[in-house]
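Everything below concerns the one structure shown next.
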């Protein structure tokens, strides 16, 4: 009986202590609220709200030659609205010795691969960038950029433009040109899902997750999607018996577009890229401006007139599909492009020094 009485008294003391602590805590909370109401000098900041972010995904060879243009683009903006990821050659590190912009310090992904143009290694780089960027739950848009891209507008305009729609910006059209589709992909990739477009896409998070999770189409691209042998390659090696029968499949121009079509997600696309590339100078006398790659803008090309001409483009005509894509933002007519490529370092710096890009 005595033991039972002792236990009862102990329980009563515990209950008393708990109630006392609760009362003291409540009084302290009321006191703090009273002070906040009556004392005008006490400022209580509102709880921080994390805004959705844009992940800028740079595919670079080594360094970022246009780093200072992007430094001006990001400078003064809320870092809570963007993230930066760089895929460079394996072992390359972005620090004070390899970049002049602190925005890029340690932004390289650590699991990079050696990338060769026209090979599926470019797809591997894209998937690695997306996988790293998806680790941040606040990244909601994913922008692919090359190391020769420049921004055409300031950060705020770019951010609002990209966030104004719930769709991905993916240049995608049915590719019916003979020789690009390899029949060996059938039936995993049927020809009616075969698409082509620009590598430089902007993906919403849902589509980025689809790309990273894909383990069906990617292996097929690795096995059966390869570019045709280049003339430069033939100089040192025997010319194929019939080069015309080679499938000229450029993986990064087909993969994302075909994957989205394969997953019946094309209704969630704005079917255009927001990165401008010039392919229309095939008749140029400059041999470097002809061939497999877009035009490279040099120092002499970097003029206000060039940038204005790109920014004034408000529609894109897709001749193979007999359609014209008018560009809008928030339901209103808008420029088609937010970025442009390919620019040399000297050309980009000339535009920056003249305040033609990044600050407008």
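By how many nm would the segment from residue 298 to residue 312 grow when fully extended, if each residue of separation counts as 0.36 nm and the alpha-carbon distance is taken off?
3.0 nm
Give the dimensionless ratio obtained when the Cα radius of gyration of the range 51-137 is divided by 2.2 N^0.38 Å.
Its radius of gyration relative to the 2.2 N^0.38 Å reference: 1.08.
For the range 319-360, what is the largest minus smallest coordinate of the Cα atoms on each principal axis, given in angstrom and ordered from greatest to least?
Projected onto the principal axes, the Cα atoms of the range 319-360 cover 39, 26, 10 Å.
Rg to Rh for the range 145-207: what is it, with Cα atoms only and Rh by Kirkwood?
Rg/Rh for the range 145-207 comes to 1.10.
What nm value, rounded to one decimal, do you get for the distance between residue 160 and residue 320 when each label is placed 7 Å out toward the C-beta?
3.6 nm
Per the Kirkwood formula on distinct C-alpha pairs, the Rh of the range 79-211 is how many angstrom?
The Cα-based Kirkwood calculation yields 17.0 Å.
Since every read-out is calculated from the coordinates, none of them should be taken as a lab result. Keep in mind the model is a prediction, meaning the values are calculated, not measured. Here the Cβ is made from the backbone with ideal geometry for all residues, glycine too, and neighbour counts use every protein chain on show.
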